[in-house]
Amino acid sequence: MAAEQDHLAPENYEEKHVHEVYEQIASHFSSTRYKPWPIVESFLQSLSPGSVGLDVGCGNGKYLTVNRNVFIIGSDRSSNLVKIAAEHEPHSAVVADTLALPHQTGRFDFAISIAVIHHLSTLERRREAIKAILECLKEGGKALIYVWALEQKTSRRGWEEGHEQDVMVPWVMKTGKKNPNEDGSTEKTFQRYYHLYRSGELEEDIVGVGSEVFQSGYEKDNWWAICRRPLKS
């Protein structure tokens, strides 16, 4: 993996090992993503009625309707996932790259980005994504960011401190007997790129782009942090 990652430009590497994969598995992926994670749900429920925010990398849009007293614009690189997310009316969903968000700066009350930034393949691009999200917020606006953790010793994956942080994670999808593969098998495996965050790394990235960490922790094999766009002095 390292050789290919070194050979391809980061955006091309991510196109091959992230974006193209999610376009192909969108429907199957969406069927497995329906229950909100507790801390994300708590964050959304804590928002003031009438708040307007972003879900960057919204996937199938499962978080868009958690709090019906706020309005959320979702975005994702996968057009197939955005089609599913757009069904969560009255909220909106658009196809957009995390590094080129189509929003005005300083206009939104909050943002969430759940299990997205770890798909960017360099430190610079991960920090650029965090900065892009924060720039959309009003002064003092808060963002909740989740990333996969390196420390997953008790999970079925078994990763822990000292393991390689840049990994490929398989997604197995049944093709069915009516659409078998050339070898006759009825399953297809897709490999997705992830950067596994070690303890403290997400906070370092947030501080590294000039923001401040309001709260952070660990949940379900993920590191999370609530950060905010600093107030002007």
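The values are calculated or read from the model by the stated rules, or taken from the named source; none is laboratory data. Computed from a prediction, not measured in an experiment: that's the story for all the values here. All Cβ positions, even for glycine, are placed from backbone atoms using ideal geometry, and neighbour counts span all protein chains on display. In case anyone asks, the SASA skips ligands and DNA or RNA and just uses the protein heavy atoms, side chains included. Shrake-Rupley method; radii C 1.70, N 1.55, O 1.52, S 1.80 Å.
Working carefully through the options Glu124, Glu135, Glu151, find the one that is modelled with pLDDT under 95, of a type outside the set (Ser, Thr, Tyr) and either open to solvent by 10 Å² or more (accessible area, probe 1.4 Å) or over 12 Å from the mean Cα position of the chain (by Cα) (or both).
Numbers: Glu124 fails: modelled with pLDDT under 95; Glu135 fails: modelled with pLDDT under 95.
Within the list Glu124, Glu135, Glu151, the selection yields Glu151.
Restricting Leu144, Leu196, Leu123 to those that are more than 26 Å from Ile25 (Cβ to Cβ) and not small (Gly, Ala, Ser) reduces the list to Leu123. Of all residues in the stretch 44-70 being touching a Phe, Trp or Tyr at 6+ places or on another chain (Cβ under 8 Å) and not in a loop (DSSP other than H, G, I, E, B), which is surrounded by the fewest Cβ atoms within 10 Å (Cβ to Cβ)? Result: Val52.
Of all residues in the stretch 78-115, those satisfying the criterion of being part of a loop (DSSP other than H, G, I, E, B) and within 16 Å of Cys227 (Cα to Cα) are Gly106, Ala115. When residues in the stretch 157-199 are screened for being modelled with pLDDT under 90 and open to solvent by less than 70 Å² (accessible area, probe 1.4 Å), 10 of them pass.
Arg125 meets each of the listed conditions (1) of a type outside the set (Phe, Trp, Tyr); (2) in contact with a strand residue (DSSP E or B) (Cβ under 6 Å, 6 or more places away or on another chain); (3) closer than 25 Å to His7 by Cα apart from (2).
Restricting the stretch 23-40 to residues that are within 23 Å of Gly217 (Cβ to Cβ), over 14 Å from the mean Cα position of the chain (by Cα) and touching a residue at least 40 places away in the same chain (Cβ under 8 Å), the residue that is least open to solvent (accessible area, probe 1.4 Å) is Ile39. The single condition among (1) among the polar types (S, T, N, Q); (2) touching a strand residue (DSSP E or B) at 6+ places or on another chain (Cβ under 7 Å); (3) under 25 Å from Glu135 (Cβ atoms) that Ser46 does not meet is (2). Report, ordered by the first and then the second residue, all pairs with beta carbons closer than 6 Å, sequence separation of six or more or different chains, a first member in the stretch 222-233 that is over 22 Å from Val147 (Cα atoms), and a second member that is open to solvent by less than 50 Å² (accessible area, probe 1.4 Å) and at pLDDT below 95. Going by the 6 Å Cβ cut-off, the qualifying pairs are Leu231/Gly140.
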